[in-house]
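Below you'll find the structure, written out as structure tokens, and then a few comments.
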Amino acid sequence: MEKKEVVKQTALAFDFIQKLYFEVSYLIKEIEGLLAEEDERFIIGRPSGYAITARSSSGLEPNGVILWALKKMSVCFITEEQTKLKGGVTNTVFDKNLRVIYLRIVLNEKEISEPYIYMGVLYDFEDKKRRWPAKFEHVMAHIEYNESKVFTGKEVFNYADSYTSFKGKLVKVNLYDINSSEDIVRLILTPVLTLYRETN
């Protein structure tokens, strides 16, 4: 391939990825707005501000380079009464009564045919160390670092390690099947809110 074509393809690749990230951010914000209108009055969790949670890297080791581009990201939604928002960060008491709506977007990983969304409810939390995690927001990063153990392809799961344990019920939807607000409500929010309201 000639240099001119390589330059063109590089620019196109970065442009496409940037547009994809923008579309994902719009999707998250639309879900945030729709959940805010529910009776439970959900707000987006803010572990370190208004941001996604993702495992990334700037390392030069081969495994570090693989993590340069964000391929997976997550956010959570918590009812206003379950959390406190201060200084742009939420602080959610970590206990067994907590239920959280969890959204995970997977743009790329080995052995998937297309990007997908996991969305559902995480519940029945237990803090095993009594020191960490001190609040639910710490669990978001913990999930990213232990994703292969948490997400085993099952839509109902129990996760436990030496720090914490919790249960989950998830709905899986292919990302490109969502093309409108109606699709978001029909394919994601309606089943997820049903799971949330049925889970004690």
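The values are calculated or read from the model by the stated rules, or taken from the named source; none is laboratory data. Just so we're clear, the structure is a prediction, and the values are computed from it rather than from any experiment. No Cβ is skipped: glycine too gets one built from the backbone with ideal geometry, and neighbour counts run over all protein chains shown. To get the accessible areas, we keep the full protein, side chains included, count just its heavy atoms, and leave off ligands, DNA and RNA. Shrake-Rupley method; radii C 1.70, N 1.55, O 1.52, S 1.80 Å.
Kindly indicate the residue of the range 145-166 that is open to solvent by 30 Å² or more (accessible area, probe 1.4 Å), over 16 Å from the mean Cα position of the chain (by Cα) and among the small types (Gly, Ala, Ser) and also modelled with the highest pLDDT among those meeting that condition. So the residue we want is ALA160. Taken over the range 171-184, residues that are over 18 Å from GLU114 (Cα atoms) and open to solvent by less than 60 Å² (accessible area, probe 1.4 Å) amount to 2.
Evaluation of SER74 against the conditions (1) in contact with a helix residue (DSSP H, G or I) (Cβ under 6 Å, 6 or more places away or on another chain); (2) under 14 Å from GLU144 (Cβ atoms); (3) crowded, with 16+ Cβ neighbours inside 10 Å shows that the sole unmet condition is (1). Looking across the range 1-43, the residues that are in contact with a strand residue (DSSP E or B) (Cβ under 7 Å, 6 or more places away or on another chain) and either open to solvent by 100 Å² or more (accessible area, probe 1.4 Å) or part of a loop (DSSP other than H, G, I, E, B) (or both) come down to GLU40, ARG41.
Once the range 75-114 is narrowed to residues that are among the charged types (D, E, K, R) and part of a loop (DSSP other than H, G, I, E, B), the residue that is nearest to VAL171 (Cα to Cα) is GLU114. Note on the range 107-128: among residues that are touching a residue at least 24 places away in the same chain (Cβ under 8 Å), within 26 Å of SER25 (Cβ to Cβ) and not hydrophobic (A, V, I, L, M, F, W, C), the one that is surrounded by the most Cβ atoms within 10 Å (Cβ to Cβ) is GLY120.
Restricting attention to the range 44-66, does a residue exist that is at pLDDT 95 or above, in a helix (DSSP H, G or I) and open to solvent by 70 Å² or more (accessible area, probe 1.4 Å)? Looking through the range 44-66, none of the residues is at pLDDT 95 or above, in a helix (DSSP H, G or I) and open to solvent by 70 Å² or more (accessible area, probe 1.4 Å).
Given the structure, is THR194 of a type in the set (Ser, Thr, Tyr) and surrounded by 18 or more Cβ atoms within 10 Å (Cβ to Cβ)? Criteria not met by THR194.
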